[in-house]
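Quick notes on the structure that follows.
The values are calculated or read from the model by the stated rules, or taken from the named source; none is laboratory data. Quantities reported herein were computed from a predicted structural model and do not represent experimental measurements. Cβ sites come from the backbone with ideal geometry, for glycine too, and all protein chains shown count toward neighbours.
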Amino acid sequence: MTADHQPDIALAGVCRTYGSTRALIDVDLPLHRGRIAALLGENGAGKSTAAKILCGLETPDAGQVLIDGRPVTIAGPRGAHALGIYLIPQELAFVPDLTVAENITLGWAPHRRGFTSRRSMVAAAQDQADRFGFDLSMRQKMKDLALADVQMVEILKALRVGARAIVLDEPTSSLTEDESARLFAAVRRLAAEGTSVTFVSHRLDEVLDGSDQVHVFRDGRIVETVETAGTTRDALLESMLGKPFRVSARPHRADADRPSGLGIGGWRSDVPLLEDTTVDFRAGEVTVLYGLRGSGSDLLVEGLAGARPFRHGSMSVDGRAVTRPRRPGQARRAGIAHVPPDRRRQGLMMNLSVEENLVLHIRGRTSGRVWRSPRGESRLARDAIAAYRVRVASPRQLVSELSGGNQQKVLLAGRLGQQPRVLVLQEPTRGVDIGARDEIHRILRDYALQGATAVVSTSDFEEALQLADRMLVFRHGRVVGDLRGDAMTTALDLAKGSST
Amino acid sequence: MSDGAGSAPGALGTLGRVLTERARPSPVIVGAGSLCVLLVVAFAVSTDRFLTADNAGVVATQVAVLGLVTLGQMIVLLAGGFDISISGVVPLSAVLYVTLSNAGMPTVVVLVVVLLAGALIGTVNGLIVTKLKVNPLIATLGTMSVCQGFAFVVTDGRTVPLESAGAGFLADRTPFGVPVFVLVFIGIAAALFVYLKWTIPGRALYAVGGGPEAARLAGMRADLTKTSAFAISATLAALAGIVLSSQLLAGAPSVGADMTLTSITAAVLGGASLHGGIGGVPGTLLGIVIIGTLRDGLALLEVSAFYQLVATGFVLLIAVSMAQLKLPARRRRSRPAPENHVPDKTYERTAR
Amino acid sequence: MSGFGRRWGLATASVVVLVTASACGSAGGGAGGTAAPASGTAKKDIKIAYANYADNSPLFAPITTAVKTSAAAAGMNAKVYDNKGTAETTLQNAQLMVQDKPDVVIEYSPDSAIGKSLFTVFDRAGSKCIALNVPVEGCPWLNVINKNLGTAAGQMASDYANKNGWTGANTTVLLANSARGGVEVNDTVRYTYLTVADKVPGFTKITPEQFTESTTRIAANAIVVDGGNTLDSSFAAVQAALQNIPNDQNIIYSSVNDDTASGGWRAIAEAGREKTSVVIGEGGSETALKQLRDNPQWIGEVDALVSVWGYYAVAMADALAAGVKPPALTELPFVALTKDTINDYYTDDLTSPKALPKPVDSNKYLFGRGILESYRK
C-alpha cells in the first residue's frame, strides 16, 4: 500500500566497491515518511554501507540517491544534514561532562545578546524532549546516563532542525532489554510524527518487533524486501543466510559421557545483580551464555576470567578445586584463558607485531623466565599463523594493520597457545566478516572437541545457535534456561521474558 | 636546512626500504637517521673542527650525560608514563654524592647509596602512579619539587666543591680518550638494548605501554612493569647526577634543571611515543646524538644562543613531522590485499 | 530551585575563600619574620619592610639575614618578605607590606618592568622606598654597578697579562655571558673585555654597543659563549668553545657569576689547559674565595659583598626616615680581590668580610648612622 507512493528518499541502482570487494551491487532502497525500515543482514552483507551512503559518509560508485524522485549529491555529513538526513552512529559522540540539556542544545543554545542561561537552555531541551515524548532528566551529566538515554539525546540533537530521515546504525548493540524497548518506543513516536526511520541490525528479534518493513541484505544485494507483518523469523533467517537454518545439522554427542570441565558453585553478586548461580560446564563442549545486556551473562564470564572478581562462590577446573580468581593472572594460572570483547583495547597490543602478540603470553615456553628465545618464538608464531590461517604479509607486520577478522584470529590463537583447559570468550566474532567468523567458530569447536571447556557469551543470537552445544539463558541476573539441541531456538523468548 | 631535509627521504629512500624489509625499523628511525647524517654532513662542510677526534670526544661526553637520563625517560615513555622528576633527581643525587663523599664515606659506598636513593625515588613514583592512580605528569612533578627542595636543603643552596680525592673517578680519562662515564653509558645503552629486545620483562614494557587494559586482562603484572620503568629512569637520573658532579667536581642544586625537557625532546626525536608502547634504544641514541651534534655544531659555528634555540626547535619539528609524513606511506605499502575487507565496522587505529 | 542555587552559592564562596587563602599563603610565604629589637641599644622608632628577590637562592638569602641583624641591632622594627623571583609575588608582597604602614620599604624586585606599579603602591600608602639592585622608577636606587665590577675584573686580568707577557698574539679572552639574563647582568663581562682591550696590546678595541647579548665572537682572540647561570650549562658551553681556541693560546676566562666561572673552569681543566689559563670570578661566593686562595690559576675575584648589602639597605632606610635626601644612585660596595689582598678582607671564615670597605662619594652619607658601624660588633 504505502510502497506504491513515491518514496521520500531512495537509493537507485547503487553500487559500491572496496578494493576487490563488492560491498553493494545494484541496490534499490526506497524509504518512506512515517515508516520504520530495517536493514537486516549478517556482518559484511552491505547494510551499513547502504546506510552510510544515505548519510553522505560514502559516495556510490554507480547509481543515485533520490529525494522526492530527484537525484541529489550528498556532500558529506554536512550535506546530509542540509537535506534533513541524520545518522545516529554506533559509537556516539557526545560531551560526557556536560549535562543532557547542554548536549541537546550544543551549538544552538538559546541566547539573548550572546548570553545564555541555564534555565532557558533546560527549558528548550525539555520542550524538544517533550515533543517526542522522551523521558530524560535534563540536569544529569551525560556520562551518568544509560546508553539508551544517550542514544535518545543523540536523536534529539539530530531532530532539532526537523529531520526528514533518521538512520540508526546498530542502535541496540549495547543496550539492555529495557533500554531497547524504550528506544524503540521513542523511534515509533518519531515515525508517527512523519519522520522516515531506518535502522541497521543483524538481530531478528528487534527487526521483527521494531520495523514496518524489512530489507534483507546478503552479499551486497537486497535479496528480499517484505512487510514485517507478513513474514516470520524462519523466513527472514533463511533469506539472510541464503539457506535453511537447522540447528540439528550439527551432530551432538550425548552429554552423559562428558566430564565436568569447569564448575562454579554459589556465585553471586549484588551490584550488578547475579543471583546464586551453580553450573557445571562440561569439558569437550561449547556452552553459550545468552542474555541481553545486563542480564548477568557477561558478569559471570568476567568473573570466570578474574577481570571482575566475585566475592562469593567456589570453583573447580577439571574436577579439582581452585581458588576463585581475584585477578586475571590467577585465572590464567588456573588454566583459564579469556578473550575479551574489545580486541583493540582489551585483547591485543596494537603497537606490537603479529608475532609478538601471538607469543606474548606464552613466550616463557620457549625460554626461561627472563631471556627470550627469538627463534623459538618465531617458530611458535609461524605455527600459529599457519594453524589458524591468519592472513599476514609477514609475522613482523603490526597487528593494527590487519583486518578485524585476522586480528580476532591472532587474539584467539594467542590465547589458545596457552593451551588453556578452559576458554572463556566474550563476543568472539564482533565486527568480523563472515568468512573469518566461520573459521573462528570452527577453531573454537575443534578446540573444545579436544577436551577443553569453552564458555562463550554473545549477544548475537545466530552466533549462539551456531556455536552452542548447550545454552544457558540469563535474564535479570538469573539462569532461566539450560537448553540443548532444538530447544535452543526458544532461548530468545526466554531471554526476553515473552512467551510466544 | 629545510631543502636539505626535504631531499633526505629521496636520497635515503632506497636504503630506507631495504632496511625496512630487513629489520623493520620504525619510519621515525629512518627519519631521525637521515636527519642525523644530514647534520653531520652540514657541520663537516661548514667547519673543519667538527670531524676531529677531539670534537668527537666532546660530543661523546656531552651526549653521555644527557643520554643516561634520556634512556630512562624513553623507558618510562614506553611503559606509558612520563618522568618529570628527572630535574629533581639529578641535582639531588649530585649534591648527595658530593656531600657524602666530602663527609669521608668510601666512594663505592656513596655510589651505591646514591643510586639506591634514585631507585627508591623511582619506585615511589611508580607506586604513586600505579597504586594511587595519579597521573604520571602530576606525580613526578611532585617528586621533582620534593627532590629539588631537598637538594637545596642539603647544601643550603650553595655550590659545594667535591673535595674527596678519587670520588670524581667517573670523569677520569681512559686509554680510549674519553672519560670513564662514556664507557659506562655505552655499557648501559647496550644492556638496555638487550633488555628491551631479548628479555621477557623488557618486552613486557612494550605490552603494558601499548595496551594497558589488554595487559591487565591477559594477567600480566602491569603495575610491577610500570613501576620498574620509573625505578630504572630515576636510577639513571641519579647516575647522571653523579657523573655531573664528578665532571664539575662540585654539586649544586641548580644543575640539571632543563634535563627533563631535553630528555623528552631527545626521546621523541628518537621515535618514542608520548602515548606509550613505542620506542627503543637505537632510536633514542639517534635522538640524543642529533641533539648533541646540533648543540656542538652550532657552538663550533659560534651561532648566538638565541638562534641556537630557534634552530633546535626547528630540528625537532622537522624530525617529528618527517616521521608523521612517512607513516601512512609505509602503512599502505605493507597492507595486505583487502581480500576480506569489511565495509561495516572498520575501526581505523590512529597512527601513533 | 532555591536550594539548588544556595548550594552553588556556598560552593562558589568556599572556592573563592580557598583560592584567596592559598594565594595569600604563597604570597606572604616569607612574611612573619619580625626582628625583635635588641635590648641595650638606642631604640629607633622606625618601621621598615624588606622584600627579598628569592629566599631559596644562596646568593640572596644572606641579604634578608643581614637586614634582620642590622635592623635588630639598631632597634628597628623590620618585616621581611620573599618575592620568590616572580613579578606576581612581588606585586602581592608590595600590597601586604604597605598594610603595616612602614616608614620605608626596601624592594628587591625581580623585574624592573613592574617598577611603576610598585612605586604607585608605596606612594599611595605614604611609605618611602628604596630600590635594591633592580630599579623601581620613583624610588632612590641602591645598586652595585656591574660595569664597575667588570672593569675591576678586566683590570686584574690586564695586570696579570702585562706582568706575564700575555698579549693579544698569544692569548684568547673567553667570556661566558648569560644570554637570557639581560643587558645589565652582562655588563660585567662586557666591561671586562673593554678593559682588557684597552690595557693589553693586541686586542681589538670595540664600543660597549658592539658587544651585545648575541655576540659570539669579537675577534680572532676574543670569544663569547652563553654559559647560562649554572655549573653544568657553563661547563658544556666552554667545553664546546675550547675546540675553537688553538692549543698554543693562553686563555683568560671570566663569566657573570661564580657558578659559571667554576663550571667553565672545570671544562678548561678537563681539556688539560689549566696551566696556560687563568680565571677571574664574579660574585664572592665561599667556593670562589676558596679557589682564589688555593687555585694558582684563579687569579682574581670581584667580590660584590652581597652578605653586607642588608646593612647598607637598612642604613639607607634610616637616612630616608630621618629626612636625608639621597642621590638618585647610591652605590653598594664591592672589592676586587687578588691573592695578595684577600687576607685584608677575610679571615678563615669566607662567608662574610671582616670589615666593610671605605665609603665612596655616593654612599658616604650612610656612614655614621650607627648601622654600618654595628657590623661585626
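Residues that are at the interface with chain B (Cβ under 8 Å from one of its Cβ atoms), surrounded by fewer than 16 Cβ atoms within 10 Å (Cβ to Cβ) and free of Cβ contacts under 8 Å to residues at least 12 places away in the same chain number at least 1 in the following helices (runs of 4 or more DSSP H) confined to segment A:316-392: A:328-333, A:374-387.
Being on the phi < 0 side of the Ramachandran plot, part of a helix (DSSP H, G or I) and of a type outside the set (Lys, Arg) is true for just one of C:Leu350, C:Leu356, C:Leu320, C:Leu337. Which residue is that? Working first, answer last.
Details: C:Leu350 fails: part of a helix (DSSP H, G or I); C:Leu356 fails: part of a helix (DSSP H, G or I); C:Leu337 fails: part of a helix (DSSP H, G or I).
Residue meeting the stated conditions: C:Leu320.
Is it fair to say B:Ala151 is of a type outside the set (D, E, K, R), within 20 Å of the chain's Cα centre (by Cα) and closer than 22 Å to B:Leu66 by Cβ? Answer is no for this residue. Among the residues of segment B:174-210, those identified as out of contact with any helix residue (DSSP H, G or I) (no Cβ under 8 Å at 6 or more places or on another chain) and not in a helix (DSSP H, G or I) are B:Pro175, B:Thr199.
Just checking, how many residues over segment B:288-305 are touching a residue at least 60 places away in the same chain (Cβ under 8 Å) and hydroxyl-bearing (Ser, Thr, Tyr)?
Within segment B:288-305, the subset touching a residue at least 60 places away in the same chain (Cβ under 8 Å) is B:288-297, B:300-301.
From what's left, hydroxyl-bearing (Ser, Thr, Tyr): B:293.
Qualifying residue count for the region: 1.
Among the listed residues B:Ala42, B:Ala103, B:Ala53, which satisfies the condition of being out of contact with any Ser or Thr (no Cβ under 8 Å at 6 or more places or on another chain) and at pLDDT below 90? Explain how you work it out, then say what you get.
Numbers: B:Ala42 fails: at pLDDT below 90; B:Ala103 fails: at pLDDT below 90.
Result of the check over B:Ala42, B:Ala103, B:Ala53: B:Ala53.
Restricting attention to segment C:257-280 and to residues that are crowded, with 24+ Cβ neighbours inside 10 Å and away from every other protein chain (no Cβ under 13 Å), the residue that is farthest from the chain's Cα centre (by Cα) turns out to be C:Val278.
Going through segment B:116-171 one residue at a time, which ones are assigned to a loop (DSSP other than H, G, I, E, B), hydrophobic (A, V, I, L, M, F, W, C) and in contact with a Leu (Cβ under 6 Å, 6 or more places away or on another chain)?
If the condition is that a residue be assigned to a loop (DSSP other than H, G, I, E, B), hydrophobic (A, V, I, L, M, F, W, C) and in contact with a Leu (Cβ under 6 Å, 6 or more places away or on another chain), then B:Leu162 is the only one that fits.
Restricting segment A:406-443 to residues that are of a type in the set (Gly, Ala, Ser) and in a helix (DSSP H, G or I) leaves a set whose member that is surrounded by the fewest Cβ atoms within 10 Å (Cβ to Cβ) is A:Gly435.
Taking the options B:Thr155, B:Thr159, B:Thr227, B:Thr235, name whichever one is more than 14 Å from chain A (Cβ to nearest Cβ) and touching a strand residue (DSSP E or B) at 6+ places or on another chain (Cβ under 6 Å). Step through it out loud before you land on a result.
Details: B:Thr155 fails: touching a strand residue (DSSP E or B) at 6+ places or on another chain (Cβ under 6 Å); B:Thr227 fails: touching a strand residue (DSSP E or B) at 6+ places or on another chain (Cβ under 6 Å); B:Thr235 fails: touching a strand residue (DSSP E or B) at 6+ places or on another chain (Cβ under 6 Å).
Among B:Thr155, B:Thr159, B:Thr227, B:Thr235, only B:Thr159 is more than 14 Å from chain A (Cβ to nearest Cβ) and touching a strand residue (DSSP E or B) at 6+ places or on another chain (Cβ under 6 Å).
Within segment B:57-69, identify whether any single residue is free of Cβ contacts under 8 Å to residues at least 40 places away in the same chain and assigned to a helix (DSSP H, G or I), and answer yes or no. Within segment B:57-69 (the criterion being free of Cβ contacts under 8 Å to residues at least 40 places away in the same chain and assigned to a helix (DSSP H, G or I)), the answer is no, since none of the residues qualifies. Going through (1) touching a residue at least 24 places away in the same chain (Cβ under 8 Å); (2) at the interface with chain A (Cβ under 10 Å from one of its Cβ atoms) one by one, B:Leu274 falls short only on (2). Taken together, the criteria exclude B:Asp54 from residues that are touching a residue at least 60 places away in the same chain (Cβ under 8 Å) and acidic (Asp, Glu). Any chance segment A:306-315 includes a residue that's closer than 27 Å to A:Pro259 by Cα, within 9 Å of chain B (Cβ to nearest Cβ) and not hydroxyl-bearing (Ser, Thr, Tyr)? Yes; the residues of segment A:306-315 include at least one that is closer than 27 Å to A:Pro259 by Cα, within 9 Å of chain B (Cβ to nearest Cβ) and not hydroxyl-bearing (Ser, Thr, Tyr). Scanning segment B:97-123 for residues that are crowded, with 21+ Cβ neighbours inside 10 Å and β-branched (Val, Ile, Thr) yields a count of 4. Looking at the structure I just gave you, is A:Ser457 of a type in the set (Gly, Ala, Ser), more than 14 Å from chain B (Cβ to nearest Cβ) and touching a residue at least 40 places away in the same chain (Cβ under 8 Å)? Yes; evaluated as a whole, the condition is true for this residue.
Filter segment B:102-119 down to the residues that are over 14 Å from B:Val76 (Cβ atoms) and in contact (Cβ under 8 Å) with a residue 24 or more places away in the chain and list them by number.
Of the residues in segment B:102-119, the ones over 14 Å from B:Val76 (Cβ atoms) are B:102-117.
Matches in segment B:102-119: B:Asn102, B:Gly104, B:Thr107, B:Val110, B:Leu111, B:Val114, B:Leu115, B:Ala117.
Considering segment A:133-225, there are no qualifying helices (runs of 4 or more DSSP H) wholly inside with 2 or more residues that are out of contact with any His (no Cβ under 6 Å at 6 or more places or on another chain) and at positive phi.
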